[in-house]
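The values are calculated or read from the model by the stated rules, or taken from the named source; none is laboratory data. Here the structure is a predicted model, which is why all the values come from computation and not from measurement. Using ideal geometry, Cβ is built from the backbone for each residue, glycine included, and neighbour counts are taken over all protein chains shown. Keep in mind that these areas ignore ligands, DNA and RNA; they rest on the heavy atoms of the full protein, side chains included. Shrake-Rupley method; radii C 1.70, N 1.55, O 1.52, S 1.80 Å.
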Amino acid sequence: HISTEHNPRMYLFFLLYLKTRPPEMLTGQETHVKSCVWPNMSHDWIPREATLTLKGRGDEDSEASRTKAAVVKLEGVIETMASHISKMGQALFTTNSAIEQVQDTLLQLR
């Protein structure tokens, strides 16, 4: 599993998935990761120090600091995206309700 490097963007997508997914729909592993990240802001679940990029480097501490900073930054992005998704869901619900009212009115006019 370590023969190819993981794409860091996939971790962002995974965090977004966890943030927006209803808790009852999460697997055990997903629940564990979510509980590490929110509210604890822990990045212990991210594989490190065994990646191809880090092999042979002597700067694991600075890499860990950069990783933690990136996770914090990504959390802000995830919060913003989750807020937008929530607003979109509310707008869709409102639109759906309006459509149903129009349909009911049309049925009454027939």
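Full extension of the chain segment joining Trp38 with Lys73 gains 11.2 nm, where the gain is 0.36 nm per residue of separation less the Cα-Cα distance. Straightening the chain between Gln108 and Ala64 buys 9.4 nm, computed as 0.36 nm per residue apart minus the Cα-Cα spacing. Extension gain for Gln101-Ile85 works out to 3.3 nm (0.36 nm per residue, less the C-alpha to C-alpha distance). Computed on protein heavy atoms with a 1.4 Å probe, the accessible areas place Val102, Val33 in the order Val102, Val33, largest first.
If you sort Ile78, Ile99 by accessible surface, 1.4 Å probe, largest first, the order is Ile99, Ile78.
For Ser35, the solvent-accessible surface computed with a 1.4 Å probe is close to 60 Å², ligands and nucleic acids excluded.
Sorting Lys34, Lys73, Lys68 by solvent-accessible area of protein heavy atoms yields Lys73, Lys68, Lys34, largest first, with a 1.4 Å probe. Counted by Cβ distance under 12 Å from Ala82, the other residues give a net charge of +1, where Lys and Arg count +1 and Asp and Glu count -1.
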